[in-house]
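One structure below.
Only the coordinates and a few stated rules stand behind these numbers; no lab work does. Predicted model only: the values in this text are computed from it and were never measured. Reconstructed Cβ throughout: ideal geometry from the backbone, glycine too, with neighbour counts over all protein chains shown.
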Amino acid sequence: QYGKPSEVYPKNPNGSPDGVTGFTTADGRFTIMMPHPERTARTLQMSWAPQWLVDQSPDASPWLRMFRNARVWLG
């Protein structure tokens, strides 16, 4: 945790080397990600979620916001 990457499940479910899941350019303008947010758009799809989140929103996970924002941006 905090600067110590994990290569074991559940902290690193995809098994990437050194726990890498994304990169950002030096100027901060571009970010690329390896995770697949479409696989966890619903809280029920998440392999783990804090109980308060499941209780608060069993249908829409925090990742769904990304897709809703994209839809608004597209018009």
Treating the beta-carbon of each Lys and Arg as +1 and of each Asp and Glu as -1, no other charges, what is the dipole magnitude of region 4-68 about its Cα centre, to the nearest 20 debye? 100 debye
Principal semi-axes in Å for the chain [√(5λ), Cα gyration tensor, largest first]: 23, 21, 10
Full-extension gain in nm, ASP59 to MET34, via 0.36 nm per residue minus C-alpha separation: 6.7 nm
Among LEU53, ASN69, ILE32 - extreme Cα towards positive end, dipole of the chain, charges at beta-carbon: ASN69
Can you give me the relative contact order of the chain as a percent, contacts being Cα pairs under 8 Å and 6 or more apart? 18 percent
State, to one decimal in nm, how far the label point of LEU44 lies from the label point of VAL20, with both points 7 Å from Cα in the Cβ direction. 3.7 nm
Near THR40, within a Cβ-to-Cβ distance under 13 Å, what is the net charge of the other residues, with Lys and Arg +1 and Asp and Glu -1? +1
